[in-house]
Every structure is written in structure tokens, then in C-alpha cells.
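Single-structure report; data block below.
The values are calculated or read from the model by the stated rules, or taken from the named source; none is laboratory data. As the structure is a computational prediction, the values presented were derived from the model and not from experiment. Counting neighbours? That spans all protein chains shown, and the Cβs are built from the backbone with ideal geometry, glycine included. Just so you know, the surface numbers come from the protein's heavy atoms only, side chains and all, with ligands and any DNA or RNA stripped out. Shrake-Rupley method; radii C 1.70, N 1.55, O 1.52, S 1.80 Å.
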Amino acid sequence: SLRPLRSIRSITSSAVRRAMKPGTVIEGLDFLKNSEPVVSKERTEYPTWVNDLATPDITLAKLRKMDEEDATNKEMMRYLKLTRRRLIKENNVDAGLR
């Protein structure tokens, strides 16, 4: 059986967790001709949202346990997205069985 490919987000977030030393050449980003290689910077030189890439998204199971009043707008939107996705998948399975 085929295994699903890891998403780009999971590859990116795992790479971010392992912080590179400043000045390390980042492979795969040097695709422009006649340009200098891309090197990592000090953590403080990156915008604050870059650190958020390393935090994993909250799961549907955890969102279901959370009180609606305690959830942020972002968490509510994620809950709605995941429940809709699950419903679509269930409907597709049901349609395939007919």
C-alpha cells in the first residue's frame, strides 16, 4: 500500500524545530543563477511569526474537549474546518459504498 507523503508544513515545522546555527547555508534555496547562497540568520533577525511555524496545530480531539467560550477565533475556525473536512470524507466513503 502507498503511504501518504508528508505535507510541506510538517517538513517545514520539523526543520524549524531544529534551529540552524547562524551562517549555515540552507540547501535547496540557491536556485537563482549568479546569486549568493542563502544562509540562516540569528533568531532575533526573523519576524516573530517564524517561531509560530514550529508549534503544531491543535488536534480535533483537543478542540472537541475545549469549551466554546474558552476557544479563540483561530481555534474556532480550525474546529469548523476540521469537522467539515471529516464530514466530507465520511460522505465520500458513504457515496463509494453505494
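Do we find a residue being surrounded by 10 or more Cβ atoms within 10 Å (Cβ to Cβ) and in contact (Cβ under 8 Å) with a residue 12 or more places away in the chain anywhere in segment 87-97?
No; the residues of segment 87-97 include none that is surrounded by 10 or more Cβ atoms within 10 Å (Cβ to Cβ) and in contact (Cβ under 8 Å) with a residue 12 or more places away in the chain.
Pairs needed: first member in segment 17-45, under 23 Å from Thr55 (Cβ atoms); second member anywhere, in a loop (DSSP other than H, G, I, E, B) and of a type in the set (D, E, K, R); C-beta distance under 8 Å; at least 6 residues apart or different chains.
Pro22/Lys41; Pro22/Glu42; Ser40/Lys21
Residue-by-condition table, conditions (1) modelled with pLDDT under 85; (2) surrounded by 12 or more Cβ atoms within 10 Å (Cβ to Cβ):
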residue	(1), (2)
Leu5	yes, no
Val25	no, yes
Asn73	no, no
Leu80	no, no
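So, in segment 40-51, exactly how many residues are farther than 30 Å from Arg86 by Cα and either in a helix (DSSP H, G or I) or open to solvent by 70 Å² or more (accessible area, probe 1.4 Å) (or both)?
Looking only at that region, the number is 7.
Scan segment 52-81 for residues that are within 30 Å of Ala19 (Cα to Cα), of a type in the set (A, V, I, L, M) and in a helix (DSSP H, G or I) and jot them down.
Matches in segment 52-81: Leu60, Ala61, Leu63, Met77.
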